[in-house]
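Comments concern the structure below.
The values are calculated or read from the model by the stated rules, or taken from the named source; none is laboratory data. Note that this is a predicted model, so its numbers are computed, not measured. Because the Cβ atoms are built from the backbone with ideal geometry, glycine has one as well, and the counts that use them run over all protein chains shown.
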Amino acid sequence: MIEVKILSPSTVCWNGKAKLLSCRTVEGSMGILPKRAPIVAQLAIDYVRVVTEDGEKSFATYGGYMHCDGQKITIVASIVVPAEELDPHVFKDAQERAKRLLEFQDRLYKNTKVEANIKAGR
């Protein structure tokens, strides 16, 4: 078993012992077992999966870093959300707001271009 701490700036999101931790770094996916050689890696925006004796826990992380010294793993990310707390409707709403914002930005750009052409006498 390897000791795992998953941290965000405001809280310890999870702390316990694991058989395996899997994550995706900016270089690719990796699994970490106890007694692994030391490593520090930058995490990609993805899930961190922790396999314990009682089952499995998953956390969505927004980037961050992972440090393993062979005996313990520490993950620090700016945002950490337990997978079971993720609400797909929140992401759908955010996607729709982003789409409307991009459409508005596009119209604003076109209007500014038209005004510039009018002022230039084109």
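Considering only the stretch 1-49, state which residues are of a type in the set (A, V, I, L, M, F, W, C) and within 15 Å of the chain's Cα centre (by Cα). Step through it out loud before you land on a result.
Let us first name the residues in the stretch 1-49 that are of a type in the set (A, V, I, L, M, F, W, C), namely 1-2, 4, 6-7, 12-14, 18, 20-21, 23, 26, 30, 32-33, 37, 39-41, 43-45, 48.
Passing the criteria: ILE6, LEU7, CYS13, CYS23, VAL26, ALA41, LEU43, ALA44, ILE45, VAL48.
Is the stretch 98-109 home to any residue that is at pLDDT 80 or above, among the aromatic types (Phe, Trp, Tyr) and part of a helix (DSSP H, G or I)?
Scanning the stretch 98-109, I find at least one residue that is at pLDDT 80 or above, among the aromatic types (Phe, Trp, Tyr) and part of a helix (DSSP H, G or I), so the answer is yes.
Scan the stretch 1-50 for residues that are part of a strand (DSSP E or B) and among the charged types (D, E, K, R) and jot them down. Give the derivation first.
First, pick out the residues of the stretch 1-50 that are part of a strand (DSSP E or B): 2-7, 12-18, 20-25, 28-32, 39-43, 46-50.
If the condition is that a residue be part of a strand (DSSP E or B) and among the charged types (D, E, K, R), then GLU3, LYS5, LYS17, ARG24, ASP46, ARG49 are the ones that fit.
Scan the stretch 48-77 for residues that are among the polar types (S, T, N, Q) and under 17 Å from GLU27 (Cα atoms) and jot them down. Let's see the steps before the verdict.
Just the residues of the stretch 48-77 that are among the polar types (S, T, N, Q), to begin with: 52, 58, 61, 71, 74.
Of everything in the stretch 48-77, just one residue is among the polar types (S, T, N, Q) and under 17 Å from GLU27 (Cα atoms), namely THR61.
Just one of the numbered conditions (1) farther than 21 Å from MET1 by Cβ; (2) assigned to a strand (DSSP E or B) is not true of MET66; which one?
(1)
Restrict the check to the stretch 94-104 and report whether at least one residue is of a type in the set (Gly, Ala, Ser), under 16 Å from ASN15 (Cα atoms) and loosely packed, with under 14 Cβ neighbours inside 10 Å.
Kept after step one, since they are of a type in the set (Gly, Ala, Ser), are these residues of the stretch 94-104: 94, 98.
Narrowing further to those that are under 16 Å from ASN15 (Cα atoms): none.
Scanning the stretch 94-104 turns up no residue that is of a type in the set (Gly, Ala, Ser), under 16 Å from ASN15 (Cα atoms) and loosely packed, with under 14 Cβ neighbours inside 10 Å.
Looking at (1) farther than 19 Å from ALA83 by Cβ; (2) buried (at least 16 other Cβ atoms within 10 Å of the Cβ), find the lone condition where TRP14 falls short.
Only one criterion in (1) farther than 19 Å from ALA83 by Cβ; (2) buried (at least 16 other Cβ atoms within 10 Å of the Cβ) is unmet by TRP14, namely (1).
Residues of the stretch 1-59 being more than 19 Å from SER78 (Cβ to Cβ) and of a type in the set (Asp, Glu), which ones?
Result: GLU3, GLU27, GLU53, ASP54, GLU56.
Given (1) over 15 Å from TYR65 (Cα atoms); (2) surrounded by 14 or more Cβ atoms within 10 Å (Cβ to Cβ), where does ILE39 come up short, assuming only one miss?
Among (1) over 15 Å from TYR65 (Cα atoms); (2) surrounded by 14 or more Cβ atoms within 10 Å (Cβ to Cβ), the lone unmet condition for ILE39 is (1).
Please indicate, with yes or no, whether at least one residue in the stretch 63-72 is under 9 Å from the mean Cα position of the chain (by Cα) and modelled with pLDDT under 95.
Taking every residue of the stretch 63-72 in turn, at least one turns out to be under 9 Å from the mean Cα position of the chain (by Cα) and modelled with pLDDT under 95.
Given the conditions (1) surrounded by 10 or more Cβ atoms within 10 Å (Cβ to Cβ); (2) among the β-branched types (Val, Ile, Thr); (3) under 24 Å from the mean Cα position of the chain (by Cα); (4) modelled with pLDDT under 85, and given that VAL90 satisfies all but one, which numbered condition is not satisfied?
That leaves (1) as the condition not met.
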